[in-house]
């Protein structure tokens, strides 16, 4: 089974949320024939197991992780034949090397950060292109360190490091919207200080402008923090609408003199998409 679509319709954070909540296993391919930033073709692969990101790369030859290890000088020429045998085994390469004492736990963490987090973080700046998710594909053990991270937590880390939000600007919550808390108790995800502060202000009554004033955070920054909380399923955006009520003015005898319909702002696309996902989750 394959799921395909355009990044202009579904952002990477929304895709990751779907894969995490559905505990999907397979390979996510991000392809852009001409990246607007570089003018060159762009291609990345992200492998997931039960909604957790286990590996990432730009190649399918099972040589990406080995190359990262070689670049750091952690494999001597004498050990290369043994490494080639380990690559062919059906065990995550990183765990194999650790069990043999060839890599230390801190080295595995560094490899995972470079191989997965750095490459996934770069994906959030892609404005155009296509995605394809194929389920039930065999995971490349030669590309796996043995470490993994939930897709939603990967999203948080990627969005925190994002400097250019132009690709996601249209999906940010409106300044007049409020946030509604969707969970009880403390979040299972590891939030940073600003995320935690904004989450605690999600009372369904205080709009983003007032939250920004209260926390002394620029509204543009607060919209980004709120978006992070939305795409990982901690809060929902509630737009500022007045239900289109009609205002009627009457004279002393109760006779209607004038009436006017109160206009309300357009509901943001991000809210509509979140609402559909929320209702589907409830059903």
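Restricting attention to segment 157-188, report how many residues are in contact with a helix residue (DSSP H, G or I) (Cβ under 8 Å, 6 or more places away or on another chain) and at pLDDT below 90.
Final tally of qualifying residues: 10.
Restricting the search to segment 36-69, which residues are without any contact (Cβ under 8 Å) to a residue 60 or more places away in the chain, surrounded by 15 or more Cβ atoms within 10 Å (Cβ to Cβ) and either more than 22 Å from the chain's Cα centre (by Cα) or part of a helix (DSSP H, G or I) (or both)?
Listed by number, the residues that qualify are 68, 69.
Out of curiosity, is residue 193 surrounded by 13 or more Cβ atoms within 10 Å (Cβ to Cβ) and modelled with pLDDT of 95 or more?
No.
Answer yes or no: is there a residue in segment 19-37 that is within 19 Å of residue 126 (Cβ to Cβ), modelled with pLDDT under 90 and touching a strand residue (DSSP E or B) at 6+ places or on another chain (Cβ under 7 Å).
yes
Would you mind listing the helices (runs of 4 or more DSSP H) fully within segment 87-189 where at least 2 residues are surrounded by fewer than 14 Cβ atoms within 10 Å (Cβ to Cβ)?
In segment 87-189, 105-112 are the helices (runs of 4 or more DSSP H) which contain 2 or more residues that are surrounded by fewer than 14 Cβ atoms within 10 Å (Cβ to Cβ).
The values are calculated or read from the model by the stated rules, or taken from the named source; none is laboratory data. Everything quoted here is computed from the prediction, not taken from an experiment. Please note: Cβ atoms are built from the backbone with ideal geometry, for glycine as well, and neighbour counts cover all protein chains shown.
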